[in-house]
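Below you'll find the structure, written out as structure tokens, and then a few comments.
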Amino acid sequence: MKIFIKNLLNPFFIFIYMIFVYILYQLCKYGRGFFSGEIIILTVCGFALFIWFIISIIFAYQKKEIMTISYKYYLKIAIVVMLVVTSWSGYKIFHMATRYEGELGFYLNDFFNKKQLTITNDNLFDGGFLIFMDDLIKEFDISNKIYLNDSFELKYNNDGIIQSFHFMIYDNNKNTYLVSYQKNNENKVVVHLNNYLDMDFDDKYDFQPLLDALKVIPYKESFIKNQELYHILYFGQRDWGYNNTGIRYIDKTGHMITPLQTRQIIGYTISIEPIMSGTTNPYRYIYVNDIEKIPETSPQQNTPPLSEVPQDSGSLSSKIMNITYELYVNDAAAGSRFYSLKKIDENGTTVINKNPFLDNIGVANGIHFFNQKLGFISITNASNDHCEVYRTQDGGLTFKQIKLKNTGDYDYLQIPYEDNGHYIMKVSKGSQSDSDTDYIIYRSKDLGQTWTKQ
């Protein structure tokens, strides 16, 4: 045995072993591609170690030494080196496999938890998504109630062809399913299992109302001229206050009625809207089991179509040269709106800021760009007695709220105007006050960065 160990722990063997371990470590940490030909070198080293191992056995059987090393402490040093190299590399590779500190952890996670299903029918109008969900439930034997985590989004075109969908669901047994699909030639849907999730088994995140609603929703009524892509959004149960704009109750028969604005509107809401349309409000369907039991409702025809909502409740725009900046409504609830800012030029339409009012909601009151960089936007509260102004100096990418000193009861800021190189802002007591006579003036000499009361 001693002869075998001496033959095996030859300097040549140790050197090749260290190269092998180093390349293996790099592969586990960074994956393939950290340098050219790593797999070939790893294979050659592994083969060389194997051949040396066989030769060591043969020579040991013959009681011969491959190479005589006179240094008496060599064998002990060689054993220590091998133990240190093996222990260190084994420890690091184990951590990469279990703590996602390298590519190995992600590879093993995909190997055990990543599954693929085929979507057999990719037409939403023909029930393609519902067929896929049936396949998903059968494949993983999901027999418990399903809950939605965070949000559901599905994109489709005018013909109903599904372009993508992304969502995560979980059941009462704490099994999770992260589902992702992007249209491709193979129509493969990726499902990640055993995801870490802080689960909330609350009925307001029930996934079933979405599946029931998709069977009866009239998709084509949301079509708008020159719009090719649409998406469906679902967050579970939502509270819309008393704002019934674009909202209808819908039941399993497809019967729809519109809620009146005399009761709080709450329910499992499925929103459908064109992507990048710039229109004011999406179609929203609140799914209910029995529509006859919904009190205080009105016929659905009282709700204006999406494309006919008055513009004074929707988008505002400002044009400078060949560029238009437009505030458009992303969402609305309880009389207030959530806005994004998009830029329209010869290259098309681009959303450049998804939160221009810095999480504040209300009704957009004005927008004006003095050039392609400097612009101002304003928003009022629901009662329209207070108005805030925000300034950008980078073409709308970022905004900062303008805060004035010594305004007293005057808190209704108006969009500034330019006067001889200075910027003038009127501040009144509200939209209902006599703003032509009852106001105070603030002036800025540095493009609206600081303001001085006149």
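Some observations on this one:
- Taking every DSSP helix (H) stretch of at least 4 residues in the chain, weighting each as -39,500 (n - 2.57) and dividing the sum by the residue count yields a mean residue ellipticity at 222 nm of -7500 deg cm²/dmol.
- Centre-to-centre, using Cα atoms only, the stretch 377-418 and the stretch 1-61 are separated by 70 Å.
- Beyond 21 Å, the tail of the calculated P(r) for the stretch 62-189 holds 62 percent of the Cα pairs.
- The charge dipole of the stretch 1-105, taken about its Cα centre with unit charges on the Cβ atoms of Lys, Arg (+1), Asp and Glu (-1) only, comes to about 420 debye.
- Sequence-separation-based contact order of the chain, relative, with Cα cut under 8 Å and 6+ spacing, percent: 7 percent
- Charge dipole of the chain (Cα centre as origin; +1 on each Lys and Arg Cβ, -1 on each Asp and Glu Cβ, all else neutral): 2560 debye, rounded to the nearest 20.
- Listed residues HIS368, TRP451, HIS255: farthest to the positive end of the dipole of the chain (Cβ charges): TRP451
- Electrostatic tally near ASP331: other residues with Cβ closer than 12 Å to its Cβ, Lys and Arg +1, Asp and Glu -1, net +3.
- Inter-part distance where the stretch 161-179 and the stretch 101-124 are each reduced to a Cα centre, Å: 12 Å
- Helix axis angle, 74-98 relative to the chain longest principal axis, alpha carbon, degrees: 20 degrees
- Degrees, to the nearest 10: 38-61 long Cα axis against longest axis of the chain: 20 degrees
- Local electrostatic count, ILE137, Cβ distance below 13 Å [Lys/Arg +1, Asp/Glu -1]: -3
- Taking Lys and Arg as +1 and Asp and Glu as -1, the other residues whose beta-carbon sits under 15 Å from that of PHE399 total +3.
- For the stretch 178-259, averaging the sequence separation of C-alpha pairs within contact (under 8 Å, six or more residues apart) and dividing by the residue count gives a relative contact order of 23 percent.
- In units of the rule-of-thumb radius 2.2 N^0.38 Å, the stretch 341-454 shows an alpha carbon radius of gyration of 1.08.
- With a threshold of 30 Å on the Cα-Cα distance, the over-threshold entries among LYS204/LYS343; LYS183/LYS343; LYS373/LYS405; LYS92/LYS138; LYS29/LYS188; LYS319/LYS400 are LYS204/LYS343; LYS92/LYS138.
- Top positive-direction residue, dipole computed over the chain with Cβ charges, set TYR156, GLN401, MET1: MET1
- Shape of the stretch 7-123 from the C-alpha gyration tensor: prolate (a/c of 1.5 or more and a/b above b/c, with a ≥ b ≥ c the square roots of its eigenvalues).
- For the stretch 76-157, the relative contact order works out to 11 percent when only alpha carbon pairs closer than 8 Å and six or more residues apart are counted.
- Seen against the Cα atoms of the chain and their longest principal axis, helix 11-30 is set at about 10 degrees.
- Simple rule: put +1 on each Lys or Arg Cβ and -1 on each Asp or Glu Cβ in the stretch 126-274, find the dipole, and look at SER271, GLY127, ILE146; the Cα lying farthest toward the positive end is SER271.
- Among 361-367, 344-350, 189-195, the peptide with the highest mean count of other Cβ atoms within 10 Å heads the list, and the full ranking is 361-367, 189-195, 344-350.
- Accessible-area ranking of MET67, MET199, largest first, probe 1.4 Å: MET67, MET199
- Heavy-atom accessible area for LEU358, with the other protein chains in place and a 1.4 Å probe, reaches approximately 80 Å².
The values are calculated or read from the model by the stated rules, or taken from the named source; none is laboratory data. These numbers come from a predicted model, not from an experiment. Cβ atoms come from the backbone with ideal geometry, glycine included; neighbour counts cover every protein chain shown. The protein model used for the area step is the full one, side chains on, heavy atoms only, and it has no ligands, DNA or RNA in it. Shrake-Rupley method; radii C 1.70, N 1.55, O 1.52, S 1.80 Å.
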